[in-house]
1. Considering only the range 159-178, state which residues are crowded, with 24+ Cβ neighbours inside 10 Å, farther than 18 Å from residue 130 by Cα and β-branched (Val, Ile, Thr).
2. Regarding residue 189, is this residue among the hydrophobic types (A, V, I, L, M, F, W, C), part of a strand (DSSP E or B) and on the phi < 0 side of the Ramachandran plot?
3. When residue 24 is evaluated against the numbered criteria (1) acidic (Asp, Glu); (2) touching a helix residue (DSSP H, G or I) at 6+ places or on another chain (Cβ under 9 Å); (3) surrounded by 14 or more Cβ atoms within 10 Å (Cβ to Cβ), which criterion, by number, is the only one it fails?
4. Listed residues 77, 83; which is closer than 19 Å to residue 9 by Cα and in a loop (DSSP other than H, G, I, E, B)?
5. Given the conditions (1) surrounded by fewer than 19 Cβ atoms within 10 Å (Cβ to Cβ); (2) closer than 18 Å to residue 142 by Cα, which single one is not true for residue 360?
6. With the requirement that a residue be in a strand (DSSP E or B) and surrounded by 15 or more Cβ atoms within 10 Å (Cβ to Cβ), what does the range 99-112 give you?
7. When you scan the range 213-250, how many residues do you find that are in a strand (DSSP E or B) and of a type in the set (S, T, N, Q)?
Amino acid sequence: MIIKIKAEDLTKVLSKIKYIAKSDKNRPELGSGLFETGCNGITTISVSSLVDSAIVSISAEIIQDGKCMIDIAQLISILSTMSGEVEIEYNPDNSVVWIKNKKTKCRLNSLDVKKFLPRINISDVESDFIISSKDLKEGLQKTIKFVDSNSNAIMSGVCVNVQNNLVKFIATNGSYMSIAVRSVKDEEFGRSFNFVLPRASVANILPMLNGNEDVYLKFNSSRCCFEFSQVLYCTGLLEGKYPNCEGFIAKEYDVDFSVNKSDLKRVLERISIVETKNDKHRVFFTVKGVLATIEAKDYKCNDVLELVEKNGNDISFVLNRLFLEDVISVLQVENMRFKMTSSRSPIILPDVGDTYLIMPMT
């Protein structure tokens, strides 16, 4: 196999799939990508792990057809030192890959292509839908922080819940929750279903979603595939029934107030400086009249913020600072709104079309 391609173009494509290609001392082939020349000057690069796989296509000048396996991390490192056109030449007789650029030559060893892990695919599609790349990326970004990263169960992923023409991205660890709502492309879409993407799979697909193209999703009970702009990404799904998180959202609230998001963020930054490990990240809120007093444990830091708006009674409650900072990091609104029925009830924090929830601490 011999192909010619710009180093910058190849690096850009490889950066989309490099997180899937992770080598293991017992399975070194997992760190390599399968390069295959095709028709019309198209070369495909495939990577595969034990749970997901991806195929990307790129235009290249094909001097000689063929295929080989190249370590993705090593190739990216070499390409980062080069510019302009590079030539990738594979000799099957000695399993050597040469990366040539001007007067520079770098040698890499290639594994046997027979060792490449079979790609994940779907033969029996149960349902499908189309969503814009922008909406898919936003939905996943707004929920990935909220999954239970310490769990191996169903809540260690992002639930994708499709109801008619709306897609809800839901994640929770039991103490806080995110629900991001976006639309499918078909306004008359009338089906309902859901599946749960593993957290690692969400992290892997996010770097691939950079354009405004449409993404076609197809799935069955165990797998899901994403097709868009010369990319095919497939992953296994988590098994089990995701909890009904929306059942925690009340229809009416006894307390409803707003504070400036930037002001609250600075308060939490000061509290993070003075708190200790024994404080368990507790932040004490006291809402009285038109003011909110926000304190660290044992009164190490005390701030008073003027409320932007308030409806209902005065109230005191305790929140986890880390959970609150995660919500602030994804909120689009300028003024942060708190809605609750009591000091021990779930606290709802609405955003533009999205909803976040934090359980108070005792």
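1. Matches in the range 159-178: 170 only.
2. no
3. Looking at each condition in turn, residue 24 falls short on (3).
4. None of the other options fit; the residue is 83.
5. Every condition holds for residue 360 apart from (2).
6. Hits for the range 99-112 are 99, 100, 101, 106, 108.
7. Narrowing the range 213-250 to residues in a strand (DSSP E or B): 214-219, 223-228, 231-236.
Next, only the ones that are of a type in the set (S, T, N, Q) stay: 235.
Qualifying residue count, the range 213-250: 1.
Residue-by-condition table, conditions (1) on the phi > 0 side of the Ramachandran plot; (2) in a loop (DSSP other than H, G, I, E, B); (3) assigned by TED's automatic domain parsing to the domain that holds residue 177:
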| position | (1), (2), (3) |
| --- | --- |
| 120 | no, yes, no |
| 131 | no, no, yes |
| 137 | no, no, yes |
| 140 | no, no, yes |
| 145 | no, no, yes |
| 150 | no, yes, yes |
| 158 | no, no, yes |
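The values are calculated or read from the model by the stated rules, or taken from the named source; none is laboratory data. This one's a predicted model, so the numbers in the text were calculated from it and none came from an experiment. In this analysis, Cβ positions are derived from the backbone assuming ideal geometry, glycine residues included, and neighbour counts consider all displayed protein chains.
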